[in-house]
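Enquirer: The following block contains the structure, expressed as structure tokens.
No lab work stands behind these numbers, since they all come straight from the coordinates. Computed from a prediction, not measured in an experiment: that's the story for all the values here. Neighbour counts are summed over all protein chains in view; Cβ atoms, including those assigned to glycine, are modelled from backbone coordinates with ideal geometry.
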Amino acid sequence: MDLRLKGRCALVTGGSRGIGRAISLALAEEGCHVAICSRSPETRAQTVADLLERGVKALGVAADVAVQGDAERVTNEVLGAWGRIDILINNAGGGGRWGSQVVENTPESVWKEVYEKNALAAVRFTRLIIPHMRRHKWGRVVTITSVYGREGGGRPWFNMAKSAQTSMMKTLAMNHELARDGITFNSVAPGAIAIPETGWDEERIKDPAAFEKMVLKNYPLGRLGTPEEVAAVVAFICSDRASLVNGASIAVDGAESRSF
């Protein structure tokens, strides 16, 4: 299926590792020019090289999305290079394993940092880029949330931040002016995804037998998902083929979650 994305310009926050990297590569495979921002110079450089191999323009910008001024700097650099941003992927986030399972032992700073890294980062980039999408009468904003942005569970500071992202996308999608300017806003909510050097990988290495038993018990597919499976859904949502998909929160979790 031709997703009609050739020549579009995308910005993927946290685009050098895991789900963000997979999304960046999936968009490039469809002919998108892709800019990424991240904190790691090594993974950023490697991802840019891999994007260029796909025959598209690529740009890597150093940034920490939790730093207020970085969103504006990244946006200005991409617009200065390409003149437009058609697709924004709010992927940067995290904090699902931060703090303590004992809620009262988790300081307020953790709540603030997780909210900043997830919800406020998405707010900043979205606010900055909407005017440029409106000017071109086309845009796609996709925020990577979590199954814990759709239902109860998880650590409350993470659940709260992800729920806020989901709410923002839904509310913006219902804005008539934005919708009629051709901009859609959607959330993609991954379940447990196998990413090297993350918490799930640490659990697997620590006790492979116990990890396999846990996965078989809790996940209908008997395995974790992959970043590429999430990226395939995101690429479709960014396309003209998905023009009626607006305000959705789409679980990509192999039926892990319990919400409808």
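Enquirer: What is the distance, in nm, between label points placed 7 Å from the Cα along the Cα-to-Cβ direction at residue 210 and at residue 232?
Expert: 3.3 nm
Enquirer: What is the extension gain from residue 67 to residue 243, computed as 0.36 nm multiplied by their sequence separation minus the C-alpha to C-alpha distance, in nm to one decimal?
Expert: 60.1 nm
Enquirer: Given H placed 1.01 Å from N in the peptide plane, which residues other than close sequence neighbours of residue 8 have an amide H under 5 Å from its amide H?
Expert: Answer set, sorted by chain and number: 33.
Enquirer: Over all directions, what mean area does the Cα convex hull of region 154-200 project, stated in square nanometres?
Expert: Projected area, direction-averaged: 4.4 nm².
Enquirer: Could you go through region 118-135 in sequence order and give the Karplus-derived ³J(HN,Hα) for each residue, using 6.51 cos²θ - 1.76 cosθ + 1.60 with θ = phi - 60°, rounded to whole Hz, and x for Gly and Pro?
Expert: 9, 5, 5, 4, 5, 4, 4, 5, 5, 4, 5, 9, 3, x, 6, 5, 5, 4
Enquirer: With the crude spin-label approximation of a point 7 Å out along Cα→Cβ, what separation in nm comes out for residue 40 versus residue 221?
Expert: Roughly 2.2 nm, to one decimal.
Enquirer: If you filter region 203-235 for trypsin sites (Lys or Arg not before Pro), then keep DSSP loop positions with at most 13 other Cβ within 10 Å, what is left?
Expert: When the trypsin sites (Lys or Arg not before Pro) of region 203-235 are filtered for loop state and at most 13 Cβ neighbours within 10 Å, 223 remain.
Enquirer: Considering only DSSP states other than H, G, I, E and B, which trypsin sites (Lys or Arg not before Pro) in region 1-78 qualify as loop sites with at most 11 other Cβ atoms within 10 Å?
Expert: The qualifying sites are 6.
Enquirer: Separate question: Tell me, what ³J(HN,Hα) does each residue in region 148-165 have, in order and in whole Hz, if you take phi through Karplus 6.51 cos²θ - 1.76 cosθ + 1.60 with θ = phi - 60° and put x for Gly and Pro?
Expert: Couplings: 7, x, 10, 7, x, x, x, 7, x, 5, 6, 4, 4, 5, 6, 5, 5, 4 Hz.
Enquirer: Based on alpha-carbon centroids, what's the gap between region 186-201 and region 79-158 in Å, whole number please?
Expert: Taking the Cα centre of each part, region 186-201 and region 79-158 sit 15 Å apart.
Enquirer: While we're on this one: Would you mind counting up the charge near residue 211? Only other residues with Cβ under 12 Å from its Cβ, with Lys and Arg at +1 and Asp and Glu at -1.
Expert: That works out to 0.
Enquirer: Amide H neighbours of residue 154 under 5 Å, at least 5 residues apart or on other chains, H built in the peptide plane: list them.
Expert: Distant-sequence amide H within range of residue 154: zero hits.
Enquirer: Here is a follow-up. Considering amide H positions built from the backbone, and no H for Pro or chain starts, which residues 5 or more places from residue 139, or on another chain, come under 5 Å of its amide H?
Expert: 183, 184
Enquirer: Please sort by residue number the trypsin sites (Lys or Arg not before Pro) in region 102-170 whose DSSP state is loop and whose Cβ has at most 11 other Cβ atoms within 10 Å.
Expert: 137
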